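See below for the structure under consideration.
The values are calculated or read from the model by the stated rules, or taken from the named source; none is laboratory data. Treat the numbers as computed from the prediction; the structure is a model and nothing was measured. No Cβ is skipped: glycine too gets one built from the backbone with ideal geometry, and neighbour counts run over all protein chains shown.
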Amino acid sequence: MTESEQQDEYVPTLTHFCVKVGTTRDWFAENRTKKPFADSIKTLMLYMEAKQEQRLYSKSGNVVGTIFALKNNYSKNWSDKKEVVHTAQESKAKALTTEELQALVDASED
């Protein structure tokens with residue numbers, strides 16, 4: 001494999017980034033939205049996501065593992081879940097008295 005092919009196949013990870021710059025994933029999580037780090041971190045995350053996406057289309061690598069990484073690290077854009085919004089509607093049924101409810105119970109027991 002040529003050096004160019006190895007570079008194309010390389011997929012950077014957040015852990016690798018943290019090791020290279022001498023920090024931790026906890027620091028990263030705490031500071032990812034704070035100035036002056038937010039813009040640089042956003043660019044880094046987009047770069048890492050793009051490399052994962054490219055790996056989906058390459059002939060090497062574990063596609064299932066790549067999908068797993070995308071769903072877990074970039075869940076805003078990669079998710080199987082469907083969000084369903086439930087809204088309660090006001091009931092149009094009339095309120096039943098205790099006697100009417102008891103009559104329904106009695107009728108169901110027959």
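Below is a table of values for the structure above.
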read-out	value
Of residues in segment 33-63 being closer than 17 Å to PRO12 by Cβ and among the polar types (S, T, N, Q), the one surrounded by the most Cβ atoms within 10 Å (Cβ to Cβ)	GLN52
Considering residues of segment 18-32 that are more than 17 Å from MET48 (Cα to Cα) and not β-branched (Val, Ile, Thr) only, the residue surrounded by the fewest Cβ atoms within 10 Å (Cβ to Cβ)	GLY22
Residues within segment 34-56 that are β-branched (Val, Ile, Thr) and at pLDDT below 90, tallied	1
Criterion (of a type in the set (S, T, N, Q) and modelled with pLDDT under 80) met by exactly one of ASN77, ASN31	ASN77
Matching residues in segment 64-84 - criterion: being of a type in the set (Val, Ile, Thr), in a helix (DSSP H, G or I) and loosely packed, with under 12 Cβ neighbours inside 10 Å	VAL64
The lone exception for GLY61 - which of (1) within 17 Å of the chain's Cα centre (by Cα); (2) assigned to a loop (DSSP other than H, G, I, E, B) it fails	(1)
